[in-house]
1. Could you say whether any residue in the stretch 148-160 is open to solvent by 20 Å² or more (accessible area, probe 1.4 Å), part of a strand (DSSP E or B) and farther than 19 Å from residue 203 by Cβ?
2. Sort out which residues of the stretch 40-50 are touching a helix residue (DSSP H, G or I) at 6+ places or on another chain (Cβ under 9 Å) and open to solvent by 40 Å² or more (accessible area, probe 1.4 Å), and write them in order of number.
3. Return the residue satisfying two criteria in turn: it lies in the stretch 1-31 and is more than 23 Å from residue 177 (Cα to Cα) and of a type outside the set (A, V, I, L, M, F, W, C), and of such residues it is modelled with the lowest pLDDT.
4. Can you spot a residue in the stretch 43-59 that is at pLDDT below 90 and of a type in the set (Asp, Glu)?
5. Condition (residue is open to solvent by 90 Å² or more (accessible area, probe 1.4 Å), out of contact with any His (no Cβ under 7 Å at 6 or more places or on another chain) and among the small types (Gly, Ala, Ser)) applied to the stretch 51-73: is it met by at least one residue?
6. Please go through the stretch 161-175 and pick out each residue that is closer than 18 Å to residue 131 by Cβ, open to solvent by 30 Å² or more (accessible area, probe 1.4 Å) and of a type outside the set (A, V, I, L, M).
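The values are calculated or read from the model by the stated rules, or taken from the named source; none is laboratory data. If you're wondering where the values come from, they're calculated on a predicted model, not measured in any experiment. Every residue, glycine among them, receives a Cβ derived from its backbone with ideal geometry; neighbour counts consider all protein chains shown. Just the protein is used for accessible areas: all its heavy atoms, side chains included, with ligands, DNA and RNA removed. Shrake-Rupley method; radii C 1.70, N 1.55, O 1.52, S 1.80 Å.
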Amino acid sequence: TARDLRILERKVLVKASRYEPHLFHFPQDLARERTITEQRERMSHEMKMLRLAHQRSIAGTPVLIDMVMAPSPDLFGPHTSHDGQSFHLNLDECLQEPYLILSFIEGQTLDKACQHNRFRRNLLGSAKSVIIQLCGILEAFHRYQAVNQFDLAFIYQDLKPENTIWTRTRDIVLIDFGSFAARAKTQVVPKNLFVSTEPYQPPEFTRALS
């Protein structure tokens, strides 16, 4: 979390890519550059999906405040290789790291909220509210609309409790927009498929690709 100094120091969420430690075991690992590029492309994709949510006036989604490009100390290092040597990455690789600035959502992930007395006091009503809200969010993305002269729907691939926030006002907010993939009316668009956590692969894709 951070504070937006431009607007009354409001609390915001800063989202950055997370790079696994194994990427830095070897100073000359050629696969690392590809992974960094893929992570940055996914962040750009997430930004586009958040903008799409705003264009479609979809409730239950974070507000994209900004996307900034800034240096990444985590990428630069120092890192420790498999043989104990310290090294840094090339500075040019680390200067243009994307960061998403999102509205801060007060609440708990759904897996934690389900254990809360406020949720369990009216378990049937709370569960019904969650289902109705989630179905409304997903239906708005699943609806085909023209995008760059193509009719596309966007399928969320990672619908799990950890990606669903239950707010203090008992509203549902969907997070982690990097797992959306597009579907045209005639075919599944292959890009960005299979980024879900098993067994959360959406049936729209498992049926189409079987």
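1. yes
2. Restricting attention to the stretch 40-50, the residues satisfying the condition of being touching a helix residue (DSSP H, G or I) at 6+ places or on another chain (Cβ under 9 Å) are 42-43, 45-50.
Those that are touching a helix residue (DSSP H, G or I) at 6+ places or on another chain (Cβ under 9 Å) and open to solvent by 40 Å² or more (accessible area, probe 1.4 Å): 42, 45, 48.
3. Narrowing the stretch 1-31 to residues more than 23 Å from residue 177 (Cα to Cα): 5-9, 21-31.
Within this subset, residues satisfying the condition of being of a type outside the set (A, V, I, L, M, F, W, C) are 6, 9, 21-22, 25, 27-29.
Working: 6: 75, 9: 79, 21: 89, 22: 90, 25: 93, 27: 91, 28: 88, 29: 90.
The residue in question is 6.
4. No, the stretch 43-59 contains no residue that is at pLDDT below 90 and of a type in the set (Asp, Glu).
5. Quick first cut of the stretch 51-73, residues open to solvent by 90 Å² or more (accessible area, probe 1.4 Å) only: 51, 54-55, 57, 69, 73.
Still in the list and also out of contact with any His (no Cβ under 7 Å at 6 or more places or on another chain): 51, 54-55, 57, 69, 73.
Within this subset, residues satisfying the condition of being among the small types (Gly, Ala, Ser) are 57.
Yes, because at least one residue in the stretch 51-73 is open to solvent by 90 Å² or more (accessible area, probe 1.4 Å), out of contact with any His (no Cβ under 7 Å at 6 or more places or on another chain) and among the small types (Gly, Ala, Ser).
6. Residues satisfying the conditions are 161, 162, 169, 170, 171.
Each row is one residue, and each column tells you yes or no for (1) among the hydroxyl-bearing types (Ser, Thr, Tyr); (2) touching a residue at least 40 places away in the same chain (Cβ under 8 Å); (3) within 20 Å of residue 137 (Cβ to Cβ).
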site: 28; (1), (2), (3): no, no, no
site: 43; (1), (2), (3): no, yes, no
site: 74; (1), (2), (3): no, yes, no
site: 79; (1), (2), (3): no, yes, no
site: 84; (1), (2), (3): no, no, no
site: 103; (1), (2), (3): yes, yes, yes
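Yes/no matrix, rows are residues, columns are (1) part of a strand (DSSP E or B); (2) open to solvent by less than 40 Å² (accessible area, probe 1.4 Å):
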site	(1), (2)
84	no, no
92	no, no
102	yes, yes
105	no, no
112	no, no
115	no, no
118	no, no
126	no, yes
129	no, no
